Every structure is written in C-alpha cells, then in structure tokens.
Amino acid sequence: MDQKSIIDLVKKIRGETSYSIGEIKIAVEKAKGDEKKAKEFLKELGFKQLEKRADKEVYQGRVATYTHSTGKIGVMVELLCETDFVAKNEEFMALTRDLCLQVTAMDPENSEELLKMEFIKDPSQKVSDLIAALAGKYGENIKLGRIARFEI
C-alpha cells in the first residue's frame with residue numbers, strides 16, 4: 001500500500017472515529033490497508049485504554065436533559081469523566097444529547113441495559129462502544145452514571 005493510500009484511509013477513518021491520527025495510522029499499517037480490520041484494531045485499542053483507566057475516579061461530567069416535542073416524555077442522563085476540560089468538550093456534550101435521545105426512544109430499565117443496546121443512530125455500534133471510543137480519544141475514564149425517564 002502506497003503512502004497516499006494510507007493517508008487517504010487515515011483521513012477517512014479519522015472523519016468517522018474519534019481516534020488520533022497516529023493511532024489510526026498504526027492501525028491501518030497493521031491491517032495492511034484493510035479498513036474493516038483497522039477499525040476493529042482501533043475498537044480493541046479503545047477497550048484496552050478504557051480498562052487501564054477504569055480505576056480512575058470520575059468527579060466531573062455533565063447532566064443532560066431532553067423533553068420530547070409532545071411534552072409527555074422527559075429524560076435525564078448523567079455522563080461522568082475525570083476532568084472538567086473533557087466535560088465541556090463539544091463531543092462529550094453531543095454524546096450526552098445522543099444518550100438522552102437513546103433513552104427517550106428505547107426506554108432502558110437502567111444504565112447497564114442502556115450500555116448493551118445498539119446505538120439508534122448507528123446500529124453497528126453499541127452505546128458502550130461510543131463511550132469507549134470517546135474515552136480512548138481523550139485518555140480519560142468516562143462512565144455512564146444515572147439515567148431517568150419520565151412519561152405521562
């Protein structure tokens with residue numbers, strides 16, 4: 001695989017994932033240019049990074065809310081992280097909004113059930129995969145806290 005092909009594939013994967021360019025380049029080279037294998041390698045990398053940070057305390061984060069347009073469903077989601085810097089990041093805030101929509105649509109019993117669900121915007125990923133990818137990108141422990149759903 002030539003250098004231009006590697007660069008193009010790295011750019012493509014970077015646009016689709018939240019991993020660093022260096023990590024993606026290593027994954028592409030290990031996968032010998034196979035995009036699917038490179039993404040699998042990155043997914044494994046995210047879980048390994050998450051395991052390393054699992055014992056870190058999460059004192060920061062964000063509580064997001066969503067009220068359905070009918071006014072009959074309301075949701076609150078707590079997403080926790082290590083630093084205020086990550087909690088204020090646009091990608092972190094977008095994930096909390098997406099989790100609110102997920103809870104609204106799927107009505108999980110608890111946080112553990114939500115983590116196991118397929119993501120409504122991309123059924124090829126589980127909710128836990130999204131959190132792991134973001135944790136891998138920022139090098140922080142990110143955990144789903146409490147969820148609440150109210151419906152009239």
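The candidate values are (1) 52; (2) 56; (3) 61; the one derived from this structure for percent of Cα pairs over 20 Å apart carries the label (1). For the stretch 70-122 versus the stretch 136-152, the inter-centroid distance based on Cα atoms is 6 Å. Converting phi to 3J(HN,Hα) with the Karplus coefficients 6.51, -1.76 and 1.60 and the offset θ = phi - 60°, the stretch 19-33 yields 7, 6, 4, x, 5, 5, 4, 4, 5, 5, 5, 5, 7, 6, x Hz in sequence order, with x at every glycine or proline. Among the GluC sites (Glu not before Pro) in the stretch 102-152, those located in a DSSP loop and surrounded by at most 14 other Cβ atoms within 10 Å of their own Cβ are E109.
Dividing the helix sum by the residues of the chain, where each DSSP H run of 4 or more adds -39500 (n - 2.57), gives a mean residue ellipticity at 222 nm of -16500 deg cm²/dmol. Taking every alpha-carbon pair under 8 Å whose residues sit at least 6 apart, the chain reaches a relative contact order of 26 percent.
If I fit a long axis through the Cα atoms of helix 35-53 and take the longest principal axis of the Cα atoms of the chain, what angle between them do I get, 0 to 90°, rounded to 10? Rounded to the nearest ten degrees, it is 60. On a straight-distance basis, which lysines could pair with K11 in a cross-link, Cα separation under 24 angstrom, same-chain partners fewer than 8 positions away excluded? Those lysines meeting the cut-off are K25, K30, K32, K36, K37, K39, K43, K48, K121, K126, K137. Rg over Rh for the stretch 78-144 works out to 0.94, using Cα positions for both radii and the Kirkwood form for Rh. Converting phi to 3J(HN,Hα) with the Karplus coefficients 6.51, -1.76 and 1.60 and the offset θ = phi - 60°, the stretch 68-78 yields 4, 4, 6, x, 9, 10, x, 9, 10, 10, 10 Hz in sequence order, with x at every glycine or proline. Once the Cα atoms are used to define both axes, helix 3-16 deviates from the longest principal axis of the chain by about 0 degrees.
Read-outs: derived from the displayed coordinates by stated rules, not from any lab. Just so we're clear, the structure is a prediction, and the values are computed from it rather than from any experiment. Neighbour counts run over all protein chains shown; Cβ positions are idealised from the backbone, glycine included.
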